[in-house]
Amino acid sequence: MKVLFGIYVFALGSIFASFFGVIIDRVPRNLSIVKPSSRCDHCGHELNWYENIPVFSYLFLKGRCSKCHENIGSFNFFYELIGGISLLLIYLKFGLTIECLLVSLVSLVMLLIAGYDYKTHTVLNVCLWALFGCCVLLLIYRVCFLKYPITPYIFSILLAVIFFLLLKVIMNKVLNKESLGSGDIYLVGIMGLVFEPFELILAILIASLAGSIISLLKIKFGKNQREDEIAFCPYLCIGFYMIFIFGDIFIRLLLR
Ligand SMILES: [Zn+2]
């Protein structure tokens with residue numbers, strides 16, 4: 001039963017990610033997210049239902065359009081895979097509970113923010129508001145029903161905002177230009193609602209480490225220029241996600 005439900009949760013996550021993929025592709029171009037149905041970017045071939053199954057269609061089509069055989073790009077495949085795996089891990093950690101549902105909602109909005117920032121280097125205000133709403137709901141549930149103390153979260157929000165404002169001022173002075181978008185600051189501030197200070201610091205550290213390593217690799221392989229602006233939200237989401245799932249393990253290891 002648990003395995004069956006796990007498969008269902010994975011499918012649900014990948015379907016959401018697939019829909020987010022459409023949003024990321026169309027909203028920046030001011031196109032409708034409902035119509036027309038998905039097509040090949042190269043030849044305009046309208047995708048059949050079996051070419052639209054998250055994760056599997058890409059594998060089944062070997063990453064190519066069935067009509068013109070052009071490469072269809074791997075972003076959506078990996079994005080859908082991450083969407084599926086992330087919900088599955090949350091389900092395995094929290095079980096079938098209200099907390100699981102609320103954490104899943106937070107995680108899905110983070111997935112959309114990360115993907116959108118990765119592709120367009122912008123964060124939509126509506127996504128930040130949605131994330132804020134989901135985090136407030138999770139906080140209320142934890143404080144009222146799971147008896148979490150509220151003080152650490154208030155401290156987290158203050159810590160997050162002060163830290164990032166300082167970082168922004170320093171980075172702007174050093175690089176002499178806008179280095180971090182304000183979306184990053186709002187994102188960290190909002191996540192202060194669901195992480196205790198120590199967890200928040202760990203998440204930012206993981207994000208900075210992941211961001212530095214991946215940016216250096218991109219520069220090394222010629223995909224990025226040193227002065228390119230970094231989309232930091234995807235890395236922040238990686239950090240937050242790692243702490244959501246493995247936070248207690250990290251903290252246990254560090255405090256040993
Ligand atoms: Zn095609």
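When a/c reaches 1.5 or more, the comparison of a/b and b/c decides; with that in mind, is region 1-95 rounded, prolate or oblate per its Cα gyration tensor? Prolate, since a/c reaches 1.5 and a/b exceeds b/c. Expressed as a whole number of Å, what is the distance separating the alpha-carbon centroids of region 28-75 and region 83-135? Measuring centre to centre over Cα atoms gives 24 Å.
Using only side-chain charges placed at the Cβ, +1 for Lys and Arg and -1 for Asp and Glu, the dipole size of region 110-256 relative to its Cα centre rounds to 240 debye.
For the chain, lysine pairs with C-alpha atoms less than 17 angstrom apart, excluding pairs fewer than eight positions apart on the same chain, total 4.
When the trypsin sites (Lys or Arg not before Pro) in region 33-74 are filtered for DSSP coil states and for at most 12 other beta-carbon atoms within 10 Å of their beta-carbon, the remaining sites are K62.
What is the dipole size for the chain, taken about its Cα centre, with +1 at each Lys and Arg Cβ and -1 at each Asp and Glu Cβ, in debye to the nearest 20?
260
Applying the Kirkwood pairwise sum to the alpha-carbon positions of the chain produces a hydrodynamic radius of 19.7 angstrom.
Here the contact order of the chain, divided by its residue count and restricted to Cα pairs under 8 Å and six or more residues apart, works out to 18 percent. Among the cysteines of the chain, C100, C127, C134, C135, C144, C233, C237 have no other cysteine beta carbon within less than 4.7 Å of their own. Fewest neighbouring Cβ atoms within 10 Å first, the residues R29, R142 line up as R29, R142. Basic side chains Lys and Arg get +1 at the Cβ, acidic Asp and Glu get -1 at the Cβ, and with that the dipole of region 1-58 about its Cα centre reaches some 160 debye.
Dividing the mean sequence gap of close Cα pairs (under 8 Å, 6+ apart) by how many residues region 62-152 holds gives a relative contact order of 20 percent.
Coordinate-derived values only; no laboratory data. All of these numbers come straight from a predicted model, not from anything done at the bench. As a convention, Cβ positions derive from the backbone with ideal geometry for all residues, glycine included, and neighbour counts pool all protein chains shown.
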